[in-house]
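The structure appears below as structure tokens.
The values are calculated or read from the model by the stated rules, or taken from the named source; none is laboratory data. Fair warning: this is a prediction, and the values are worked out from it, not measured in the lab. Backbone-built Cβ (ideal geometry, glycine too); neighbour counts: all protein chains shown.
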Amino acid sequence: MRVNLTAADLDDLEPDDHRPASQQIANVLRAVILTKRIGPGERLPSQLDLADRYSVARETIKTALRILRDERLIVTRQGTGAFVRTSTEKPVGLRPHIEAAFERPHVSIDFAGFSGETLHGAMTEPLDKIRAGRLSPESITVRILLPDLSESASVPAAATTDGDDKAVRRRAERIMRRHAESIVDEVNELADLGLIRNATAEIRHHRTAVLFKLYVLNGDQAFFGFYPVVKHTVTIDKTPTPIYDVMGKDVPLFPYVAGDNEDPATLYVEQAEAGSTACGPPLLRHTAHDRQCRTTRRPSTGWRRDPAGLRRANLFSVRRLRSSSDSERAQGHVGCQRCRVRNRRRPSSATR
């Protein structure tokens with residue numbers, strides 16, 4: 001029989017944590033809910049008990065509960081208190097969970113899907129908070145798994161009898177590039193500015209149709225949703241073109257939270273994280289520890305990791321990257337587009 005959780009059962013706040021007390025208390029209560037120490041429908045300790053437990057004002061407790069309510073973890077009822085939401089398996093929004101993930105000292109986000117547009121939008125606010133000094137994680141790791149559209153695909157495709165159309169795939173590739181490269185650049189900018197100790201972002205690809213999206217946050221939460229395939233008309237080369245496409249905006253996401261080892265949700269999260277990182281070597285990697293870009297090329301097998309440095313070849317420009325002179329390669333001027341632009345701006349040794 002489960003014993004009702006009291007305020008005395010809650011963990012203490014970390015004395016070295018410089019975040020607001022309301023955020024720390026919200027983190028404690030969130031952990032209690034996600035680890036199933038308090039079940040769906042059960043009542044949280046009262047605001048007065050929580051205020052006494054942590055020696056804070058009731059307004060601080062109200063702010064902490066408001067954070068959990070915005071994350072759809074609890075419901076508050078006038079005059080009766082706060083309760084763990086019973087319908088936690090209903091579709092949820094991603095944004096509050098992404099923002100909560102950035103409260104951890106070590107942030108990891110795995111995404112498998114089509115373009116990363118939703119992820120890019122959800123990460124904007126926490127990254128802005130880091131720039132403003134309101135969040136200070138030690139490390140950020142982002143792994144993105146996208147389809148390879150260099151060859152024919154079932155979706156997106158032209159809504160014609162032959163189906164495959166390079167122009168349709170190029171349009172989809174531009175969308176992927178815009179959002180994926182923005183995520184990589186924004187994460188690594190934080191390391192360049194010294195706002196985080198370590199930043200890693202990598203893109204992998206696979207050659208299967210994408211009909212679902214999956215997010216794994218900090219290794220203990222997974223969010224899964226299906227892409228509907230729709231027919232609509234887009235403009236390609238100034239011509240209205242009907243296509244079959246996947247539409248990911250506002251797709252319902254179903255949450256899975258890791259708890260006990262025997263909990264099916266725990267197994268799902270573990271397998272989801274393993275699956276999202278299993279396809280091929282990273283095609284794009286930027287780290288705070290390797291600021292110089294080095295890549296080499298084999299005549300027949302394409303790009304490979306340079307033993308002298310960590311590979312940072314851009315997924316979307318690697319096939320178009322032309323060979324450079326030996327002097328440029330020796331200076332580390334070969335590689336991702338971001339590094340090449342930066343090096344072009346750098347004055348030569350004669351003009352420094």
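Summary table
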read-out	value
Inter-residue pairs, beta-carbon under 9 Å, first within 15 Å of G113 (Cα to Cα) and without any contact (Cβ under 8 Å) to a residue 40 or more places away in the chain and in the stretch 239-256, second among the β-branched types (V, I, T) and assigned to a strand (DSSP E or B), 6+ apart	M247/V229; M247/V230
Hits in the stretch 201-219 - residues which are surrounded by fewer than 21 Cβ atoms within 10 Å (Cβ to Cβ) and within 18 Å of E103 (Cα to Cα)	N218, G219
Boolean, P96 is under 13 Å from L217 (Cα atoms), of a type outside the set (D, E) and part of a helix (DSSP H, G or I)	yes
Verdict on L195 being modelled with pLDDT of 90 or more, closer than 24 Å to H18 by Cα, part of a loop (DSSP other than H, G, I, E, B) and touching a Gly at 6+ places or on another chain (Cβ under 9 Å)	yes
Single condition F83 does not satisfy, out of (1) modelled with pLDDT of 90 or more; (2) crowded, with 16+ Cβ neighbours inside 10 Å; (3) touching a Ser or Thr at 6+ places or on another chain (Cβ under 9 Å); (4) not polar (S, T, N, Q)	(1)
Of all residues in the stretch 129-144 being buried (at least 16 other Cβ atoms within 10 Å of the Cβ) and in a loop (DSSP other than H, G, I, E, B), the one that is nearest to the chain's Cα centre (by Cα)	P137
Answer residue from the stretch 145-178, given it is assigned to a strand (DSSP E or B) and touching a Ser or Thr at 6+ places or on another chain (Cβ under 9 Å) and is surrounded by the most Cβ atoms within 10 Å (Cβ to Cβ) among those	L146
Residue match in the stretch 107-120 (condition: surrounded by fewer than 16 Cβ atoms within 10 Å (Cβ to Cβ) and assigned to a loop (DSSP other than H, G, I, E, B))	no
The stretch 193-229, residues that are under 21 Å from I140 (Cβ atoms) and without any contact (Cβ under 8 Å) to a residue 40 or more places away in the chain	G194
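Residues are listed down the side, and each one gets a yes or a no for (1) part of a helix (DSSP H, G or I); (2) at pLDDT 80 or above:
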position	(1), (2)
V234	no, yes
D245	no, yes
D250	no, no
A265	yes, no
Y268	yes, no
Q271	yes, no
G280	no, no
R294	no, no
W303	no, no
